[in-house]
Every structure is written in structure tokens, then in C-alpha cells.
Amino acid sequence: QVQLVESGGGLVQAGDSLRLSCAASGRTFSRHAVAWFRQAPGKEREFVGGITWIDGSTYYASSIKGRFTISRDSAKNTLFLQMNSLQADDTAVYYCAARSSGTVVAGRLFYDSWGQGTQVTVSS
């Protein structure tokens with residue numbers, strides 16, 4: 001399994017931007033699919049978007065509406081989530097997750113490695 005550590009969360013105002021990072025160790029991403037999920041208080045953990053590591057193809061939840069961008073730095077084995085035009089309902093704990101084979105999927109049960117999460121709070 002790969003170990004994942006998220007960072008970059010914090011308290012921001014509506015309309016601000018934030019960039020989250022997910023650093024991986026223990027195994028180099030190669031044919032992995034790596035994704036971001038988020039969980040707001042009292043809600044289910046939901047898919048935000050993901051990337052197929054081998055070719056950089058990205059996929060996003062429709063709710064993101066083009067505000068978020070996922071990228072990767074293969075040399076550093078690190079995933080990023082650039083979040084722009086943040087809104088109060090983006091407030092959640094953001095998690096990165098990896099699955100060792102296959103493509104990006106929205107179902108959280110298909111991911112076998114998870115980070116501890118980073119809190120993002122957007123004040124309106």
C-alpha cells in the first residue's frame with residue numbers, strides 16, 4: 001500500500017482560492033488512479049475528481065463546475081487540487097485516495113489507500 005498525506009487546508013473566505021497537496025510514500029505512483037474526495041459534516045464522503053497517473057487524464061464531479069483542477073508532479077509523487085472561487089458549501093474534510101490499478105472511479109470503496117484528510121473551511 002501507499003501512504004498518503006494531505007496538506008494545504010485552512011480557513012478562507014468565499015471567493016478565495018486554495019491548493020491542496022497529497023504526498024505519497026512507500027510506493028511510486030505508476031498505473032495508479034488517484035482521486036480527491038470530500039466529506040462535509042453529516043454528509044457522505046463524495047468524489048471530487050481524480051487523475052489517471054500514467055497519462056494524466058483527469059475526471060471531475062459535475063458539482064465542481066470547472067472551479068477545481070487536479071494536477072500531479074510525478075517526480076515528487078504528489079497530487080494537487082487547485083480550488084478556485086470557493087463557496088461555503090465547499091467546506092469539508094478533503095481526502096486523497098489511491099487505487100493500484102484501473103481508471104478513476106467515483107466509488108470510494110474502490111480505493112484501497114487513504115490519507116488522513118485536511119480541513120477546508122470557507123466562510124461566507
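The values are calculated or read from the model by the stated rules, or taken from the named source; none is laboratory data. The structure displayed is predicted, hence computed values, not measured ones. Reconstructed Cβ throughout: ideal geometry from the backbone, glycine too, with neighbour counts over all protein chains shown. Heads up: the accessible areas ignore ligands, DNA and RNA and are worked out on the full protein's heavy atoms, side chains in. Shrake-Rupley method; radii C 1.70, N 1.55, O 1.52, S 1.80 Å.
If you count, for each residue, the other Cβ atoms within 10 Å and average over each peptide, how do 62-72, 16-26 line up from highest to lowest?
Working: 62-72: 14.6, 16-26: 16.7.
Per-residue Cβ counts within 10 Å, averaged per peptide and sorted highest first, yield 16-26, 62-72.
Would you give the gap between the C-alpha center of the range 98-119 and the C-alpha center of the range 1-21, rounded to a whole Å?
Measuring centre to centre over Cα atoms gives 16 Å.
Hey, can you find the accessible area per residue of the range 66-124 for me, probe 1.4 Å, expressed in square angstrom?
Result: 46 Å² of accessible area for each residue.
Please go through the range 1-103 and write out the GluC sites (Glu not before Pro) that DSSP classes as loop and that have at most 10 other C-beta atoms within 10 Å.
Glu44
Taking all pairs of distinct Cα atoms, average 1/r, flip it, and tell me the Kirkwood hydrodynamic radius of the chain in Å to one decimal place.
Radius from the Kirkwood sum: 14.2 Å.
With a 1.4 Å probe and every protein chain left in place, tell me how much accessible area Val105 has, in Å² to the nearest 10.
Near enough 40 Å² of accessible area.
What percentage of the solvent-accessible surface of the range 17-82, computed with a 1.4 Å probe over protein heavy atoms, is contributed by carbon and sulfur atoms?
On the way: 1520 of 3340 Å².
Accessible surface attributable to carbon and sulfur in the range 17-82 totals 46 percent.
May I ask you to evaluate 6.51 cos²θ - 1.76 cosθ + 1.60, the Karplus curve with θ = phi - 60°, for each residue of the range 13-23 and list the ³J(HN,Hα) values in order in whole Hz, giving x for glycine and proline?
9, 4, x, 6, 10, 8, 10, 9, 10, 9, 9
Net charge near Ala23: determine it from the other residues with C-beta under 15 Å of the C-beta of Ala23, scoring Lys and Arg +1 and Asp and Glu -1.
+2
Find out how many positive minus negative residues lie around Thr118, taking Lys and Arg as positive, Asp and Glu as negative, among other residues whose Cβ is under 12 Å from that of Thr118. If you can, show how the numbers build up before the last one.
Values: positive: Arg19, Arg38; negative: Glu6.
That sum, taken over residues with Cβ under 12 Å, equals +1.
What is the sum of charges around Asn77, taking Lys and Arg as +1, Asp and Glu as -1, for the other residues whose C-beta is under 15 Å from the C-beta of Asn77?
+2
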